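Structure, as structure tokens:
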Amino acid sequence: MKQEPMKTVFKHFLVMSLLFGVVGCQQGLPAKPTKASGAQAKLPTAKIEVGGVAVEAELAVRAETREYGYMFRKAPADGEGMLFVWPTDRPLIFWMKDTPFDIDIGYISAEGKMFQISRMKAFEEKPIYSMSRARYALEVAAGWFEKHGLHEGLTVRIPPEVKSTEDDKFQK
């Protein structure tokens, strides 16, 4: 049977529309980093201060961005870091799966007090637990806190607009 030209054009249009629709929907989703695909894209940043020392911190405010952090990335430069943000205080657990450099992590309360600093070794999958419930965690290059004379108990100033962008699903 011979198809009419308009039916053929319509079928091609329909197939292409569906194809582009599926591809277009996927563009809004963050890519999961792998050794083949590389790291997640650089995240939006905000200036925060730790004991008066400025840090330009990438903001991991959603579950997907918090999950991958610095995996497959290069170490942050001096004065750069990644701030992990949750909607409520909770016990936090971090590890270094697929992260090729050492990191110092500071656990921070909702009030902005950094109550714990821990060193995490490259590729180490042994978890590092917060000693208390935290709202934030700041990852910087290993030695950054010490280099700048920063210690536990200092105040971390985080702009008030920096918040988690998801509902809290944590079970208390």
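The numbers here are math on the coordinates, done by the rules we state, and not lab data. Note that the structure is a prediction, hence the values are computed from the model and not measured.
In a fully extended conformation the segment linking E64 and R133 would gain 22.8 nm over its present Cα-Cα distance, using 0.36 nm per residue.
When the C-alpha to C-alpha distance is required to be over 19 Å, the pairs from K121/K163; K42/K74; K113/K163; K74/K97; K97/K163 that qualify are K121/K163; K97/K163. Alpha-carbon geometry of segment 45-157: the Rg and the Dmax are 12.5, 32 Å, given in that order. Normalised by residue count, segment 96-159 yields a Cα convex hull volume of 86 Å³ per residue.
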